[in-house]
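Enquirer: Quick one: the structure is below, and I'll ask about it shortly.
The values are calculated or read from the model by the stated rules, or taken from the named source; none is laboratory data. Just so it is clear, the structure is predicted and the values come from calculations on it, not from any experiment. Here Cβ is always computed from backbone atoms with ideal geometry, including for glycine, and neighbour counts include all displayed protein chains. Protein only, heavy atoms only, side chains kept; ligands, DNA and RNA dropped before computing areas. Shrake-Rupley method; radii C 1.70, N 1.55, O 1.52, S 1.80 Å.
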Amino acid sequence: MNETDVVIIGAGHNGLTCAAYLAMAGLRVKVVERRKVVGGAAVTEEFCPGFRNSVAAYTVSLLNPQIMSDLKLADHGLRIVERRAQNFLPSPDGSYLLTGEGRTRESVEKLSRQDAAAIDAFSGELEAIADVLRQLVLRAPPNLVEGFGIGAISEAFNALGTANILRRLSLEQQRNLLDLFTRSAGEMLDERFENDLVKALFGFDAIVGNYASPYAAGSAYVMLHHAFGEVNGKKGVWGHAIGGMGAITQAMARAACSHGVEIETDAAVREVIVEKERAVGVTLDNGKTVRAKYVVSNVNPKLLYTRLVPEGALAPEFRARISRWQNGSGTFRMNVALSVLPSFSALPGPGDHLTAGIIIAPSLGYMDRAWHDAREFGWSRAPVVEVLIPSTLDDSLSPPGQHVASLFCQHVAPQLPDGRSWDDHREEVADLMIATVDHYAPGFAGSVIGRQVLSPLDLEREFGLLGGDIFHGALTLNQLFSARPMLGHADYRGPLKGLYHCGSGAHPGGGVTGAPGHNAARAILADHRALFS
């Protein structure tokens with residue numbers, strides 16, 4: 001039996017962030033990880049001899065700059081470079097859109113003068129709202145509490161602070177924010193733009209990791225969520241971590257260990273130990289027990305409460321509600337080893353566009369049909385694919401003259417209809433994804449010399465992403481802000497004393513941000529000070 005102050009379930013980026021902050025404050029921290037490596041879904045692995053790539057999470061933007069500074073991740077080896085172009089959207093008719101600093105307006109102008117005049121205003125609208133909402137990322141949302149007491153008073157002040165932040169938005173911006181939380185991205189984009197590729201540029205962000213049509217109510221918020229990012233101080237920019245996404249979590253692990261955190265891999269949790277309505281530790285699959293004052297979960301809330309916490313320890317209504325926690329990203333993830341760089345019909349040959357996020361989804365209608373297909377057949381017959389070729393920015397990932405590409409593919413059903421298994425259809429759908437890219441870049445299929453394929457079922461098995469959900473729960477209005485993961489538990493505290501949430505199932509949600517880990521650490525330290533002061 002081990003004893004410590006804090007035991008954290010899961011060594012993903014949020015668990016490592018939480019561990020580092022707690023250890024920096026002087027607590028003894030132990031992290032237990034089911035896999036043989038740290039990093040959760042943000043890991044880099046060799047998937048073909050000589051070829052390495054980010055396995056699941058695949059690009060950088062949402063990682064919070066304050067967390068990077070506090071943990072001194074650069075000192076621990078993290079280096080992030082910007083894409084030389086941001087996004088490249090080819091169309092079957094030979095036209096294309098290429099975005100990035102000094103590129104966007106000119107590229108849009110070739111497609112639509114009207115949209116060129118409108119895009120700066122719309123981008124500015126999103127950025128202004130995102131700039132204010134960024135201030136809510138590293139603080140707990142107002143939490144609903146029953147009765148009247150110290151907790152209720154504290155939350156009233158929290159709500160007032162939140163309101164003061166939102167008051168910085170003009171009345172028109174507040175109206176736009178309401179639209180972004182409740183309306184579909186498709187409707188908003190159809191009102192503002194006429195060209196399909198321009199609409200698709202923003203519409204793609206509305207369905208990334210979101211198993212929904214861009215015309216689904218609430219999809220506009222997912223579009224806004226992806227506008228929160230920045231790289232090297234530049235807002236709205238996407239980048240690449242040299243060495244892949246695993247470089248982020250390796251730096252986090254080094255930061256945590258430098259403050260005394262103990263990390264144990266190949267240590268799956270069988271059960272959270274509950275005594276007298278308090279979480280007091282965990283039992284591992286190997287029979288070992290780790291007892292602690294505080295138990296912190298970096299796993300999906302539904303997984304935590306339906307598989308790891310004893311059923312009898314939870315109120316029936318809580319367990320019933322968390323069992324309905326919505327998961328499913330519609331994500332099919334691939335990594336491929338390439339003998340040569342692809343050449344796209346719309347923009348042949350090499351160039352900065354190959355460092356961009358290459359989005360194969362030329363219209364909102366295309367994305368809508370992809371979702372409907374997946375709902376009916378199990379996967380899109382014409383899928384949405386984002387291609388990244390990180391070896392154009394990082395030559396450590398592949399042999400000289402060869403390359404690796406990430407394929408983030410949508411839409412596929414988290415569970416196939418008619419009881420079919422993803423194990424029986426994984427390779428068939430992988431072939432379809434490669435053929436889809438080949439349609440836009442002839443010869444791509446022939447250049448693939450190795451591949452790694454992860455269906456939603458594989459993502460669940462490997463990383464605990466239920467239904468393949470990269471966000472640990474859908475970013476829908478009933479699962480956001482004060483309702484994440486549930487009204488009454490938005491303050492990172494679970495329904496049992498001593499139990500906390502630090503993963504993406506807590507505010508502010510998914511993406512490689514570190515924010516839930518940071519915020520959970522603050523809640524734990526506040527409770528620790530109150531208990532031992």
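Enquirer: Determine if the range 337-359 includes at least one residue that is polar (S, T, N, Q) and either crowded, with 21+ Cβ neighbours inside 10 Å or in a strand (DSSP E or B) (or both).
Expert: yes
Enquirer: Report, by residue number, each residue of the range 424-433 that is open to solvent by 10 Å² or more (accessible area, probe 1.4 Å) and under 13 Å from Val336 (Cβ atoms).
Expert: Asp431
Enquirer: Something else: How many residues does the range 210-237 hold that are under 23 Å from Leu138 (Cβ atoms) and of a type outside the set (A, V, I, L, M, F, W, C)?
Expert: 10
Enquirer: Could you say whether any residue in the range 393-407 is assigned to a helix (DSSP H, G or I) and among the small types (Gly, Ala, Ser)?
Expert: The answer is no, given that none of the residues of the range 393-407 is assigned to a helix (DSSP H, G or I) and among the small types (Gly, Ala, Ser).
Enquirer: Here's something else I'd like to know. Can you tell me which residue within the range 129-157, out of those that are over 22 Å from the mean Cα position of the chain (by Cα) and modelled with pLDDT of 65 or more, is farthest from Tyr21 (Cα to Cα)?
Expert: Leu144
Enquirer: Hey, any hits in the range 362-372 for a residue that's outside any helix (DSSP H, G or I) and closer than 22 Å to Leu89 by Cα?
Expert: So far as the range 362-372 goes, yes, one or more of its residues are outside any helix (DSSP H, G or I) and closer than 22 Å to Leu89 by Cα.
Enquirer: Give the range 487-530 a look and list any residue that's at positive phi and open to solvent by 10 Å² or more (accessible area, probe 1.4 Å), or say none.
Expert: Once the filter is applied, which keeps residues that are at positive phi and open to solvent by 10 Å² or more (accessible area, probe 1.4 Å), the range 487-530 yields Gly488, Gly511.
Enquirer: If you go through the range 438-451 one residue at a time, do you hit one that is open to solvent by less than 60 Å² (accessible area, probe 1.4 Å), within 24 Å of the chain's Cα centre (by Cα) and modelled with pLDDT of 95 or more?
Expert: Within the range 438-451 (the criterion being open to solvent by less than 60 Å² (accessible area, probe 1.4 Å), within 24 Å of the chain's Cα centre (by Cα) and modelled with pLDDT of 95 or more), the answer is no, since none of the residues qualifies.
Enquirer: Still on this structure: Could you tell me whether the range 242-259 includes any residue that is β-branched (Val, Ile, Thr), farther than 16 Å from Ser54 by Cα and touching an Asp or Glu at 6+ places or on another chain (Cβ under 6 Å)?
Expert: no
Enquirer: A further question follows. Test each condition in (1) of a type in the set (Phe, Trp, Tyr); (2) open to solvent by less than 10 Å² (accessible area, probe 1.4 Å); (3) over 20 Å from Asn327 (Cα atoms) for Phe228 and report the one that comes out false.
Expert: (2)
Enquirer: Report, by residue number, each residue of the range 163-181 that is under 12 Å from Leu224 (Cα atoms) and either in contact with a Leu (Cβ under 7 Å, 6 or more places away or on another chain) or open to solvent by less than 50 Å² (accessible area, probe 1.4 Å) (or both).
Expert: Passing the criteria: Asn176, Leu177, Asp179, Leu180, Phe181.
Enquirer: Would you tally the residues in the range 254-283 being touching a strand residue (DSSP E or B) at 6+ places or on another chain (Cβ under 6 Å), at negative phi and not basic (Lys, Arg)?
Expert: 13
Enquirer: Would you confirm whether any residue within the range 381-389 is open to solvent by 10 Å² or more (accessible area, probe 1.4 Å) and either touching an Asp or Glu at 6+ places or on another chain (Cβ under 9 Å) or in a loop (DSSP other than H, G, I, E, B) (or both)?
Expert: Scanning the range 381-389, I find at least one residue that is open to solvent by 10 Å² or more (accessible area, probe 1.4 Å) and either touching an Asp or Glu at 6+ places or on another chain (Cβ under 9 Å) or in a loop (DSSP other than H, G, I, E, B) (or both), so the answer is yes.
Enquirer: Could you tell me which of the residues Gly40, Gly50, Gly10, Gly94 is within 26 Å of Gln402 (Cα to Cα) and at pLDDT 95 or above? Can you show your working first?
Expert: Details: Gly40 fails: within 26 Å of Gln402 (Cα to Cα); Gly10 fails: within 26 Å of Gln402 (Cα to Cα); Gly94 fails: within 26 Å of Gln402 (Cα to Cα).
Being within 26 Å of Gln402 (Cα to Cα) and at pLDDT 95 or above holds for just one of Gly40, Gly50, Gly10, Gly94, which is Gly50.
Enquirer: Report those helices (runs of 4 or more DSSP H) wholly inside the range 8-118 carrying at least 3 residues which are open to solvent by 50 Å² or more (accessible area, probe 1.4 Å).
Expert: Details: elements: 13-24, 65-70, 104-111.
Where helices (runs of 4 or more DSSP H) fall fully within the range 8-118 and carry at least 3 residues being open to solvent by 50 Å² or more (accessible area, probe 1.4 Å), they are 65-70, 104-111.
Enquirer: Any residue in the range 256-265 that is surrounded by fewer than 17 Cβ atoms within 10 Å (Cβ to Cβ), at pLDDT below 95 and farther than 22 Å from Leu480 by Cβ?
Expert: No: zero hits.
Enquirer: Give the residues of the range 266-315 that are over 24 Å from Ala20 (Cα atoms), β-branched (Val, Ile, Thr), open to solvent by 20 Å² or more (accessible area, probe 1.4 Å) and part of a loop (DSSP other than H, G, I, E, B), sorted by residue number.
Expert: None; the set is empty.
Enquirer: Looking only at residues that are touching a Pro at 6+ places or on another chain (Cβ under 8 Å) and crowded, with 21+ Cβ neighbours inside 10 Å in the range 231-255, which one is nearest to Ile80 (Cα to Cα)?
Expert: The selected residue is His240.
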